[in-house]
Amino acid sequence: MSSARENILNKIKKALATPVPLPFPAAENDDNIFHPPADELGVVFAEAFTKLQGKFVYCIDEKEMAQQVQQLIAAKDWTKIYCNEEQWNEAFSTTIALESCDASITGCDYLVARTGTIVLSAAQKSGRTVSVYAPVHICIAYTNQLLYDVKDALQKLKEKYGENIPSFISFASGPSRTADIEKTLVTGVHGPKEVYLFLVERD
């Protein structure tokens, strides 16, 4: 063994034997950095989501949501809608070919208001590819799925799934975007170009 290598290993052994105390022992705690504002979470989410180029629609009930979604589909002249969610399949689905659809419709696990984020997982009927494969993603969510921060969403996921945490969890904030090419922002490169969120009132 070379003297340089032996010297390095000896230093490592010494460091492990006498660990250096943490310089900031109180750095990790349970205090929240961000605190919920006075506004309703739906308003906070809508503001953050639209700033990220997401398109937000509020619906007072399921009936209005169905009408609004159908109006959007008609206005955009979409003929191939992929929806694998049992509660909406009959109303919206017109194709089983995800790779050639005009838009996909999914639900979600939760919504993070502070960051305008949709939380999706592999535990959903739609699976992990539906929200990113289609050029347009339509997400239907409910007001009782609203949480304030990412930390709250992670805690709720643990409570919801327990030991059976899904193999895939995605935090999607608006359309896909990248600035890799000459620092120019381009949307729709690694996922949908448009994301619609229909928020339905529910206690």
| said: Looking only at the stretch 57-107, how many residues end up being touching a Leu at 6+ places or on another chain (Cβ under 6 Å) and over 15 Å from residue 129 (Cβ atoms)? | reply: 1
| task | Output the residues belonging to the stretch 54-63 that are buried (at least 16 other Cβ atoms within 10 Å of the Cβ) and either in a loop (DSSP other than H, G, I, E, B) or of a type outside the set (A, V, I, L, M, F, W, C) (or both). | result | 54, 55, 58, 62
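A quick yes/no check of all residues on (1) surrounded by fewer than 20 Cβ atoms within 10 Å (Cβ to Cβ); (2) acidic (Asp, Glu); (3) at pLDDT 90 or above; (4) under 14 Å from the mean Cα position of the chain (by Cα):
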site: 111; (1), (2), (3), (4): no, no, yes, yes
site: 140; (1), (2), (3), (4): no, no, yes, yes
site: 161; (1), (2), (3), (4): yes, no, yes, no
site: 188; (1), (2), (3), (4): yes, no, no, no
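How many residues does the stretch 91-101 hold that are of a type in the set (Ser, Thr, Tyr) and either in a loop (DSSP other than H, G, I, E, B) or buried (at least 23 other Cβ atoms within 10 Å of the Cβ) (or both)? Talk me through it step by step, then tell me what you get.
Start the filter on the stretch 91-101 by keeping residues that are of a type in the set (Ser, Thr, Tyr), which leaves 93-95, 100.
Right, trim to either in a loop (DSSP other than H, G, I, E, B) or buried (at least 23 other Cβ atoms within 10 Å of the Cβ) (or both) and you get 93-94.
The total comes to 2.
Looking at 15, 66, can you tell me which residue is in a helix (DSSP H, G or I) and modelled with pLDDT of 95 or more? Let's see the steps before the verdict.
Details: 15 fails: modelled with pLDDT of 95 or more.
The unique qualifying residue is 66.
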| field | Candidates 104, 131 - the one that is hydroxyl-bearing (Ser, Thr, Tyr), closer than 28 Å to residue 67 by Cα, surrounded by 15 or more Cβ atoms within 10 Å (Cβ to Cβ) and at pLDDT 95 or above | value | 104
| Could we say that residue 118 is more than 12 Å from the chain's Cα centre (by Cα), modelled with pLDDT of 95 or more, within 18 Å of residue 197 (Cβ to Cβ) and not in a loop (DSSP other than H, G, I, E, B) here? | no
| task | Those residues that are part of a loop (DSSP other than H, G, I, E, B) and either modelled with pLDDT of 95 or more or out of contact with any helix residue (DSSP H, G or I) (no Cβ under 7 Å at 6 or more places or on another chain) (or both), I need them from the stretch 69-90; list them, please. | result | 77, 78, 79, 80, 85
| Residues of the stretch 114-151 satisfying the condition of being of a type in the set (Ser, Thr, Tyr) and either more than 19 Å from residue 91 (Cα to Cα) or without any contact (Cβ under 8 Å) to a residue 40 or more places away in the chain (or both) | 115, 117, 121, 129, 133, 143, 148
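The values are calculated or read from the model by the stated rules, or taken from the named source; none is laboratory data. In this text the structure is predicted, and so the values were computed from the model without any measurement. Glycine also receives a Cβ, built like all others from the backbone with ideal geometry; neighbour counts cover every protein chain displayed.
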